[in-house]
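Following: one structure in structure tokens, then a few remarks.
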Amino acid sequence: MEKSQLYAAIAAAVPEAATAEGKQFVELTVAPEKLKSVMGRLRDESNLSFDILVCLTGMDYGTDLGVVYHLRSYAFNHMAVVKTRISDRENPAVDSVCSIWPGAEYHEREVYDLLGIRFNDHPDLRRIFLDSTWGYPLRKDYKDDVNIVSK
Amino acid sequence: MKSVIEYFRGIFNGIKSLLVGMTVTGGYFFRPGTTLTQQYPDNRDTLVMFERFKGEVVMPHNEKNEHKCTGCGICEINCPNGSIEVIPATEVTEEGKKKRIIDKHIYHLGMCTFCGLCVKTCPSQALAFSQEFEHAVFDRTKLTKVLNQPGSKLMKGVE
Amino acid sequence: MEVKEKMGRLENEEYIINMGPQHPSTHGVLRLVVALKGEIVQRVEPHIGYIHRGIEKMCENLTYQQIIHLTDRMDYLSAHINNEAVCLTVEKALEIEVPERVKYIRTIMSELTRIQSHQLFWATFGMDLGGLTCFFYGLRDREKILDIFEESCGGRMIVSYNTPGGLMNDIHPNFQNRVKEFLKYFRGVIHEYDDLLTGNVIFQERSKGMGVMTKEEAIAWGLTGPTGRASGFSCDIRKHNPYSAYDKVTFREILYTEGDVFHRYLARMEEMRESMNIIDQLIDNIPEGPFTAKMKPVIKLPEGEYFQSVETARGELGVYIVSDGNKNPYRVKFRSPNFVNLAPLNLMARGSKIADLVAIGGSLDLIIPDIDR
Amino acid sequence: MTNQALILFFLVGLIFVGVVILFSGLVAPRSTSPQKFDPYECGIPTKGTTWLQFNVGYYLFAILFLIFDAEIVFLFPWAVVMREVGMVAFIEISVFILILGLGLAYAWKKHALTWE
Amino acid sequence: MEFSIYDFSSFTAWIDQSLRAAMSPGMAVAIEMLIIGVAILIFYAIVGLFLVYAERKVCALMQNRMGPNRVGPGGIFQTIADLVKLLFVELVPIKNADKILFSLAPYIVIIASFMAMGALPFAKGLHAIDLNIGVFYLMAVSSMGVVGVLLAGWASNNKYSLIGAMRIGAQIVSYEISVGMSLVTIVVLAGTMQLSEIVQAQQYGWFIFRGHIPALIAFVIFIVASTAETNRGPFDLAEAESELTAGFHTEYSGIRFAFFFLAEYINMFIVAAIATTVFFGGWMPFNVYGWEGFNKVMNFIPPFIWFLGKTGALIFLIMWFKWTFPRLRIDQLLTLEWKYFLPINIINVLIMALIVLLGWHW
């Protein structure tokens, strides 16, 4: 499927997401509360069937936090990027996609650990790398004078 | 009956596979000449490293104790770990102009990751990798090295 | 609170054993908290982060050239492929076409990296199962590839050979001869691997039917690399989204359907042979030309986001770079294959024995620095 | 002579180990670091008691062992006198072994020989 | 007084007579005991040290490397250097361990191996204990060492050790039967349990040749089962280092650990020596019927050398197993015993009995 076709198919399947034909992949921007239903449809729609969660990245956009999902389809070998933005920096939360892709479990724990984004309904949301005394190091406003030496 | 045949075939194939494995190890046992172990401290004199081996960063000096470092500091900027510090000095040339030279080119071997960016980006090829690989010392401070030799000068013609 | 939570999960009548961080079979500082009932594993809980270095955070303060040498230290057995992943991402962002010569050399180097990684896998996997001799044979053969690396790149494991736009320096004049010599040598000794381990009845009994992942599970968990392909998940990036010179070679994607320890092992064995075939096709045809494209000394990616996957020895490594137009990236994310492959360990090992847990862990071929990053 | 020799070997072993451990205890250093005395568990303090009720899957094997070890005890004297007694001994022991063999076959059939 | 290296009985008798002539009978026995004790101790130490060195060299060569080569010519003194080092290593008292059992365990493994060693017929007349139930005695004593291993694992207060101990428990209850059964097969053929008589019976051909295929099968099972009993090779589940770090001896340090190490090698020697005695004619030279010249040359080699040579070859075989095969899993270990060795062994004994009764053996 060509990218433009994929774009059209995605736009038809998930009308509530803002879809854009990005530089590399089709990009979708979804509100956090609609994320789970959008993701579910992206996986289950037979002409999309995004059944592989390639990558799950936590982002700090300065003002907002965000989560970026890279999805791939086994059958069609096409990719799409789903983005969601959370404006609440103090108590960020987004729905977990573990029930859709079980492989998301570790990714989400990592994002929780490094950026402090909570995932609702996550089976086992604990910090994965760092202990509880650390802040959230991948946030842009994270300060650590002891361990980070900037040139 | 079939299971009985399977049973004995299993035994036979199992023993055969074990014997095949034993021929490999036994083969090496009875051919002791095939050992490849390097007798490292003994072969120190004859051990030659590859010419591109990244042992440590050095600043080659010629026989007149001259180096090529102009003290521009590009290596310092490019080093990802901050293992290079260039301490510049100024020198008044014969024409009376002030010129930037190096006072000390400090290299922290303990922080170096041997990425090679300093050597690659040096505009005057003043740095190089040596084949020295025995870096062990008893004191961490000895890992901090001054690369330009005392009393050395900038090579003529290098800007 | 965190600690209490953990205690609550563990405090019951099960026999809790820590495997790791100081344990011979965890290949690094992975800690597995294993709940046992007799010899049977009830639950495995990986605890990671012992060597978390925050590479993603460090990248935010470094230029694109400087990032390369950090990626070496993630999956140190696929160092060259990791370098390549970042370089490909940067080149894609800058829309640079690298010279053909670079593509060929990168591909050959990647395949050599894959072979040496699988050799080490074979060595350590044999050792995990108690066949200590495997370790020495594997390392002996791996040494020859490391010598090839050292001659051209100057480093053995940590090669840092790629740079955005090309290579650090050209291949050594001896390179082609040495690679051919190695292929000849390795084709001659690879049968030892099969004789010693693959065919061995004890090994087969221990590995067949252990830690099974079905194709559906593998896809759902995102298992990639030989681990995924042993389950029938056709996930070879080289095949499906070719990069560098992979579109110029013909090779087989090793696929099995069983998804057990034995077939993960077999997939790696076959991949070594397939890698040798790939090198065969390329080694004599390296085109002449420059070893690097023309690059500015300071690389600034145009604003945007870039994602590129490559196939490392362990699976799909994705590099996701978000740039705000500066010389430093805004955010770098590495989708490391080991991190993903570790996740279903509990699923695989549940109900097997301790010895199987070691075999399953070994068959995933985990590199802990890549998990922790 | 034989009995004394048995005691002798027992004593030699005892003295050998005792003397060497004593000597080692005298010359070896002694540390006071409390961490060193912890049981090894990969650098993590042991959780729970070690001597917990341990589920071993081989009690059935232990029972079978008792049966067959007793069988061997009977087989040894039979083996010594078999030549003198002749074919009768063979038939008798065949019946004996057959009964035990049937027991083994039964255990096999009932999957008692698979570790659980 | 004349004695030959081919028959030590005259030599021992001469010692006995001269001692009895010089002093009271009680004193003489005491002196004899002392001589035997010291001799066996020295032999024990030499065998231990040499086997440790041999294993390291064998495994090195099989693994395509050099092995010890620094201390002495070819590294021959390496084990002595190791021993001295181990003597000077701290004996760490483990917190909450069962102190008595913990220190008792090395005694048991060493004493068991000593008692087994004493019953081996090294050469004609060179035989400290010649029981009429020698085979039985060896079986009993050599499996006693495993109890020490079990104790060590239990007493260490370490979870790995405990699992190792449990495994060795399973191993004892299984492979004891195989060892016994394969020895029964030979006792059927020999008609005696006295080791000296078994050796003597092999004067005109070793049992492995005379007993047809049943003897060969018995030998294979014996060597595999005794490898398992000595907790070695592919059967080293109790110390499986990839799962249990060091298994039952994880907590043992210094010379206490060295005793377990030593006992393992001595046990290997003992099982190889038993196999030599019952299958390979003990100290009997290799003779081929009709080749007079060849037999003369073979007979010229002293029996002591024959015995050690055959034992050494079998030890090499056991080492070869260890450095080639991956380790078995505990359930495979039991499967191998109960589903393969035991049925085969039972039938094997019966076939052997039939062969003996019908006079089909040579």
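The values are calculated or read from the model by the stated rules, or taken from the named source; none is laboratory data. What you see is a predicted model, and the numbers here were worked out from it, not measured in a lab. Virtual Cβ from ideal backbone geometry, glycine too; neighbours counted across all protein chains shown. These accessible areas exclude ligands, DNA and RNA; they are computed on the full protein's heavy atoms, side chains included. Shrake-Rupley method; radii C 1.70, N 1.55, O 1.52, S 1.80 Å.
What to note about this one:
- The residues of region E:218-257 that are among the hydroxyl-bearing types (Ser, Thr, Tyr) and open to solvent by less than 10 Å² (accessible area, probe 1.4 Å), listed by number, are E:226, E:227, E:242.
- Complete set of residues in region C:252-280 that are on the phi > 0 side of the Ramachandran plot and not in a loop (DSSP other than H, G, I, E, B): none
- The residue pairs whose first member lies in region E:91-111 and is acidic (Asp, Glu), whose second member is outside any loop (DSSP other than H, G, I, E, B), and whose beta carbons are closer than 9 Å, counting only pairs six or more residues apart or on different chains, are E:98/E:151; E:98/E:154; E:98/E:155.
- Residue C:311 being of a type in the set (Asp, Glu) and touching a helix residue (DSSP H, G or I) at 6+ places or on another chain (Cβ under 7 Å): yes
- Taking region D:23-41 as the range and being within 7 Å of another protein chain (Cβ to nearest Cβ) and not in a helix (DSSP H, G or I) as the test, the residues that pass are D:28, D:29, D:30, D:31, D:38, D:39, D:40, D:41.
- The residue list E:325, E:304, E:341, E:300 contains one member that is open to solvent by 50 Å² or more (accessible area, probe 1.4 Å) and in contact (Cβ under 8 Å) with a residue 60 or more places away in the chain, which is E:304.
- Criterion applied to C:192, C:150, C:205 was being at negative phi, open to solvent by less than 20 Å² (accessible area, probe 1.4 Å) and without any contact (Cβ under 8 Å) to a residue 40 or more places away in the chain, and the one residue passing it is C:150.
- Candidate set from region A:8-30 (those that are part of a strand (DSSP E or B) and in contact with a helix residue (DSSP H, G or I) (Cβ under 6 Å, 6 or more places away or on another chain)); member that is surrounded by the fewest Cβ atoms within 10 Å (Cβ to Cβ): A:21
- Single residue of region D:1-22 satisfying the filter (more than 7 Å from chain E (Cβ to nearest Cβ) and modelled with pLDDT of 75 or more) that is farthest from residue E:112 (Cα to Cα): D:22
- Test: residue in region E:227-234 that is at pLDDT 85 or above, within 13 Å of residue E:175 (Cα to Cα), in contact with a Pro (Cβ under 8 Å, 6 or more places away or on another chain) and more than 13 Å from chain D (Cβ to nearest Cβ): yes
- Only one of the numbered conditions (1) touching a residue at least 60 places away in the same chain (Cβ under 8 Å); (2) more than 12 Å from chain D (Cβ to nearest Cβ) is violated by residue E:200, and that is (1).
- If only residues of region C:332-373 that are open to solvent by less than 10 Å² (accessible area, probe 1.4 Å) and assigned to a strand (DSSP E or B) are counted, the one that is nearest to residue C:35 (Cα to Cα) is C:335.
- Being within 9 Å of another protein chain (Cβ to nearest Cβ) and either modelled with pLDDT under 80 or not in a helix (DSSP H, G or I) (or both) holds for only one residue in E:131, E:120, E:86, and it is E:131.
- Qualifying residues in region B:96-113 (those that are open to solvent by less than 50 Å² (accessible area, probe 1.4 Å) and among the hydrophobic types (A, V, I, L, M, F, W, C)) - the one nearest to the other protein chains (Cβ to nearest Cβ): B:112
- Hits in region E:34-55 - residues which are more than 18 Å from the chain's Cα centre (by Cα) and crowded, with 19+ Cβ neighbours inside 10 Å: E:36, E:37
- Among the residues of this structure, residue A:11 does not count as one that is within 10 Å of another protein chain (Cβ to nearest Cβ) and small (Gly, Ala, Ser).
- Being assigned to a helix (DSSP H, G or I) and at pLDDT below 85 holds for only one residue in E:258, E:238, E:272, and it is E:238.
- Residue that is under 30 Å from residue E:343 (Cβ atoms) and crowded, with 17+ Cβ neighbours inside 10 Å, where the choices are B:59, B:22: B:22
- Any hit, region E:348-357, residues being away from chain C (no Cβ under 14 Å) and farther than 18 Å from residue E:217 by Cβ: yes
- Members of region C:208-230 that are β-branched (Val, Ile, Thr) and either surrounded by 20 or more Cβ atoms within 10 Å (Cβ to Cβ) or within 14 Å of chain B (Cβ to nearest Cβ) (or both): C:219, C:224, C:227
- Among the residues making up region A:31-69, those that are touching a Cys at 6+ places or on another chain (Cβ under 9 Å) and crowded, with 24+ Cβ neighbours inside 10 Å are A:52, A:69.
- Residue identified as more than 9 Å from chain D (Cβ to nearest Cβ), under 30 Å from residue D:97 (Cβ atoms) and surrounded by fewer than 22 Cβ atoms within 10 Å (Cβ to Cβ) among E:178, E:143, E:182: E:143
- Cβ separations smaller than 8 Å between residues 6+ apart or across chains give the following pairs from region E:238-259 residues that are more than 10 Å from every other protein chain (Cβ to nearest Cβ) to residues that are of a type in the set (Val, Ile, Thr): E:238/E:149; E:238/E:168; E:247/E:163; E:248/E:149; E:248/E:168.
- Inspection of region C:343-359 identifies at least one residue that is of a type in the set (A, V, I, L, M), under 17 Å from residue E:243 (Cβ atoms) and within 14 Å of chain A (Cβ to nearest Cβ).
- Region A:42-151 holds strands (runs of 3 or more DSSP E) entirely within its bounds, and those carrying 1 or more residues that are free of Cβ contacts under 8 Å to residues at least 40 places away in the same chain and in contact with a Pro (Cβ under 8 Å, 6 or more places away or on another chain) map to A:118-120.
- Selection count where residues are in contact with a Ser or Thr (Cβ under 9 Å, 6 or more places away or on another chain), part of a helix (DSSP H, G or I) and open to solvent by 20 Å² or more (accessible area, probe 1.4 Å), scope region E:56-78: 2
- Against the test of being among the small types (Gly, Ala, Ser) and modelled with pLDDT of 85 or more, the options E:97, E:60 yield a single qualifying residue, E:60.
- Qualifying strands (runs of 3 or more DSSP E) (wholly inside region B:1-110; at least 2 residues being at pLDDT 85 or above and not β-branched (Val, Ile, Thr)): B:98-108
- Residue count for region C:112-144 under the criterion of being among the aromatic types (Phe, Trp, Tyr) and open to solvent by 10 Å² or more (accessible area, probe 1.4 Å): the result is 2.
- Residues located in region E:18-33, provided they are open to solvent by 40 Å² or more (accessible area, probe 1.4 Å) and facing another protein chain (nearest Cβ under 10 Å): E:30
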